[in-house]
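Participant: Shown below is the structure under consideration.
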Amino acid sequence: MNASSSPSYPASNETPRCFSINSPPFGHKNTSGTLSSVFSTLGITSNLIALVVLIKAYQRTRSRSRSFFLIFLGGLVTTDLMGLLVTGTIVLSFYMTHFNWRELDPHCHFCNFMGMSMVFYGLCPLLLGAAMAIERFVGINRPFARSTSMPRGRAVFMVLIVWTFAGSVALLPLAGVGSYHMQLPGSWCFFNISSRDNDLVFSVIFSAAGLVSIAVSFVLNTVSVVTLIRVCCGQDKAQRRRDYEVEMMVQLILIMVIASVCWCPLLVFIAQTVLSGRPLQVRRLLLWLRFATCNQILDPWVYILFRRAVLRRFYPGLRMSRDSIMSLYPSIRRLGRTSSLGPGGRLKQDEPLEPVPTTNSTTPIQA
């Protein structure tokens, strides 16, 4: 991890590994951190608002499938918020004080920590997006399998698995696979994007993990949307609770689109640079990194704005089709209270439906 073996930087003529490529000071005393300040402030504010809205929504919901989705969204918003707090604090501190990294961090511990944070908080939104796509795919295509075998605590466990995997990838450079280095203009650290040895391996791992997550999200979300359209338009369209399903899929699709637009340029750029052996283009790296940062700012607004309660305020005529469905099949509400197949083929309670007058009988299929 550290090229310097002496206890303090001034006593050693050796250059620590994280400063071996770009060594401060860089002479950017007049560099402004305005853009970083705006990004951090806007992102932190947005995620705090979304977190409050999510907590209130989770406390009110009685739908198991929706509670699963809210747990994943909560993990996503929490990750984005912490990422902006950690990395934003370091970057803004540099622009305000213009401290000398080599004097402050002679053994690269601080630089390694920031590099790990960049990797961890960068991968988490992509991996959580894939996890949410898997959860919705199971919830829409295999509703009974999910409802009978997956308690709410399982969703929390899946979020913890995602965090553990992202953390494991971030720790690889400390184990010798890749390395964290100071990056121009001297305000941040990131892994070394290079075609040499282990740096290439780690660059490919990072890019592949992100791109595979986006691909998984795209494939599973496409299948889920097609299934949902068939349910909505088919003969059994009245047998499913589609209001929350549609709302969740719209939000998930928007999260996927935002992640793809914001992260694909950076991930593809890293892969192309290391596989082609070309020198790193710093300006393009900074440009695509700012694109990726926009993901943490835009994610919370998907849930803040694209909720039924909000949309109905702007479009009073917008109504989900539950009322019309219930009028066609009025006994759904009564049977919904005790529906969802349980062990042994017996019906048991899963997700209560809203009260509607009942006269007939039919069997609902719940998500």
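The values are calculated or read from the model by the stated rules, or taken from the named source; none is laboratory data. Every value quoted in this text rests on a predicted model; they were computed, and no experiment measured them. Every residue, glycine among them, receives a Cβ derived from its backbone with ideal geometry; neighbour counts consider all protein chains shown.
Participant: Can you go through 82, 116 and tell me which one is modelled with pLDDT of 90 or more, touching a strand residue (DSSP E or B) at 6+ places or on another chain (Cβ under 8 Å) and among the aliphatic types (A, V, I, L, M)? Break it down stepwise before answering.
Facilitator: Values: 82 fails: touching a strand residue (DSSP E or B) at 6+ places or on another chain (Cβ under 8 Å).
Residue meeting the stated conditions: 116.
Participant: Can you name the condition, by its number, that residue 91 falls short on among (1) part of a loop (DSSP other than H, G, I, E, B); (2) within 20 Å of residue 35 (Cα to Cα); (3) not charged (D, E, K, R)?
Facilitator: (1)
Participant: Against the condition within 30 Å of residue 99 (Cβ to Cβ), at pLDDT 90 or above and in contact with a helix residue (DSSP H, G or I) (Cβ under 8 Å, 6 or more places away or on another chain), how does residue 218 come out, does it pass?
Facilitator: No, not satisfied.
Participant: Determine, yes or no, whether residue 70 is in contact with a Phe, Trp or Tyr (Cβ under 6 Å, 6 or more places away or on another chain), farther than 15 Å from residue 111 by Cα and at pLDDT 80 or above. Before the answer, list the steps.
Facilitator: Values: in contact with a Phe, Trp or Tyr (Cβ under 6 Å, 6 or more places away or on another chain): yes; farther than 15 Å from residue 111 by Cα: yes; at pLDDT 80 or above: yes.
In short, yes.
Participant: Suppose we filter 194, 203 for residues that are in a helix (DSSP H, G or I), touching a residue at least 60 places away in the same chain (Cβ under 8 Å) and of a type in the set (Ser, Thr, Tyr); which single one remains? If you could, list the steps in order and put the result at the bottom.
Facilitator: Working: 194 fails: in a helix (DSSP H, G or I).
Checking each option against the conditions leaves just 203.
Participant: On to the next question. Checking residue 319 against (1) at pLDDT below 80; (2) part of a helix (DSSP H, G or I); (3) among the basic types (Lys, Arg): exactly one of these is not met. Which one?
Facilitator: Going through the list (1) at pLDDT below 80; (2) part of a helix (DSSP H, G or I); (3) among the basic types (Lys, Arg), residue 319 breaks only (2).
Participant: Which of the residues that make up the range 79-117 are in contact with a Leu (Cβ under 7 Å, 6 or more places away or on another chain) and surrounded by fewer than 19 Cβ atoms within 10 Å (Cβ to Cβ)?
Facilitator: Once the filter is applied, which keeps residues that are in contact with a Leu (Cβ under 7 Å, 6 or more places away or on another chain) and surrounded by fewer than 19 Cβ atoms within 10 Å (Cβ to Cβ), the range 79-117 yields only 110.
Participant: Would you confirm, using the coordinates I've provided, whether residue 62 is modelled with pLDDT under 90, assigned by TED's automatic domain parsing to the domain that holds residue 44 and in a helix (DSSP H, G or I)? Steps first, please.
Facilitator: Working: modelled with pLDDT under 90: yes; assigned by TED's automatic domain parsing to the domain that holds residue 44: yes; in a helix (DSSP H, G or I): no.
Criteria not met by residue 62.
Participant: Sort out which residues of the range 272-306 are in contact (Cβ under 8 Å) with a residue 60 or more places away in the chain and β-branched (Val, Ile, Thr), and write them in order of number.
Facilitator: 273, 274, 282, 293, 297, 304 - these are the residues of the range 272-306 that are in contact (Cβ under 8 Å) with a residue 60 or more places away in the chain and β-branched (Val, Ile, Thr).
Participant: What pairs come up if the first residue lies in the range 121-138 and is under 16 Å from residue 226 (Cα atoms), the second is of a type in the set (Ser, Thr, Tyr), and their beta carbons are under 6 Å apart, counting only those six or more places apart or on different chains?
Facilitator: 133/217; 136/224; 137/224
Participant: Sticking with this structure for a sec: Residue check: is residue 133 of a type in the set (Gly, Ala, Ser), at pLDDT below 95 and in a helix (DSSP H, G or I)?
Facilitator: Numbers: of a type in the set (Gly, Ala, Ser): yes; at pLDDT below 95: yes; in a helix (DSSP H, G or I): yes.
For residue 133, the condition - of a type in the set (Gly, Ala, Ser), at pLDDT below 95 and in a helix (DSSP H, G or I) - is met.
Participant: Something else about it: Restricting attention to the range 157-179, which residues are under 23 Å from residue 15 (Cβ atoms) and either under 23 Å from the mean Cα position of the chain (by Cα) or of a type in the set (D, E, K, R) (or both)? Show your work before the answer.
Facilitator: First, the residues of the range 157-179 that are under 23 Å from residue 15 (Cβ atoms): 172-179.
Once the filter is applied, which keeps residues that are under 23 Å from residue 15 (Cβ atoms) and either under 23 Å from the mean Cα position of the chain (by Cα) or of a type in the set (D, E, K, R) (or both), the range 157-179 yields 172, 173.
Participant: In the list 188, 163, which residue meets the criterion of being more than 22 Å from residue 75 (Cβ to Cβ), touching a residue at least 60 places away in the same chain (Cβ under 8 Å), out of contact with any Leu (no Cβ under 7 Å at 6 or more places or on another chain) and not acidic (Asp, Glu)? Before you say what the answer is, go through the steps one by one.
Facilitator: On the way: 163 fails: more than 22 Å from residue 75 (Cβ to Cβ).
Result: 188 is the single residue among 188, 163 that is more than 22 Å from residue 75 (Cβ to Cβ), touching a residue at least 60 places away in the same chain (Cβ under 8 Å), out of contact with any Leu (no Cβ under 7 Å at 6 or more places or on another chain) and not acidic (Asp, Glu).
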